[in-house]
Amino acid sequence: MAYVINEQCIDELDGSCVESCPVDCIYEGLRKRYINPDECIDCGACLPECPVDAIIAPDESPDPVWVADNAAFFTEPLPGRDAPLGSPGGAYAAGPAGTDTPLVTGWTGA
């Protein structure tokens, strides 16, 4: 399992994690970032860079809700899109998605 970004990232798009990722697998939604589980190499370079501790390592048993949400960003059509994002081979080339998963779109806090 790849690293997962949880709710701590919502409305906190600092970008330090993106700059540290050697494989460019951290994608930007409108309110949150998402790690592509098919592109992540589990190196952990992003972990210490997150200013809000939103990135969870696979061995830390991330909340299954956020594991599913991160996967859904890539495997399900996002609001306003006809097809899933899939694995475009890098966040930089894909650019910001301009939308989020339904969970994040409707998020008002826990």
Task: Within the range 45-106, helices (runs of 4 or more DSSP H) holding 3 or more residues that are open to solvent by 50 Å² or more (accessible area, probe 1.4 Å) - done: 64-75, 102-105
Task: Among the residues listed as Ala45, Ala2, Ala72, Ala68, the single one being among the small types (Gly, Ala, Ser) and touching a residue at least 40 places away in the same chain (Cβ under 8 Å) - done: Ala2
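Considering only residues that are open to solvent by less than 60 Å² (accessible area, probe 1.4 Å) and outside any helix (DSSP H, G or I), which ones fall in the range 14-27? Spell out the reasoning first.
Filtering the range 14-27 down to residues open to solvent by less than 60 Å² (accessible area, probe 1.4 Å) leaves 15-18, 20-21, 23-27.
Within the range 14-27, Gly15, Cys21, Val23, Asp24, Cys25, Ile26, Tyr27 qualify.
So if I check each of Asp69, Asp42, Asp38, Asp11, which one is acidic (Asp, Glu), within 13 Å of the chain's Cα centre (by Cα) and over 24 Å from Gly106 (Cα atoms)? It would help to see each step written out before you state the result.
Numbers: Asp69 fails: over 24 Å from Gly106 (Cα atoms); Asp42 fails: within 13 Å of the chain's Cα centre (by Cα); Asp11 fails: over 24 Å from Gly106 (Cα atoms).
Going through Asp69, Asp42, Asp38, Asp11 in turn, the sole match is Asp38.
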- [ ] Output the number of residues of the range 39-51 satisfying the condition of being in contact with a Cys (Cβ under 8 Å, 6 or more places away or on another chain) and charged (D, E, K, R).
- [x] 2
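The values are calculated or read from the model by the stated rules, or taken from the named source; none is laboratory data. Just so you know, these numbers come straight off a predicted model, no measurement behind them. In this analysis, Cβ positions are derived from the backbone assuming ideal geometry, glycine residues included, and neighbour counts consider all displayed protein chains. Quick note on the areas: whole protein, heavy atoms, side chains included, nothing else; ligands and nucleic acids left out. Shrake-Rupley method; radii C 1.70, N 1.55, O 1.52, S 1.80 Å.
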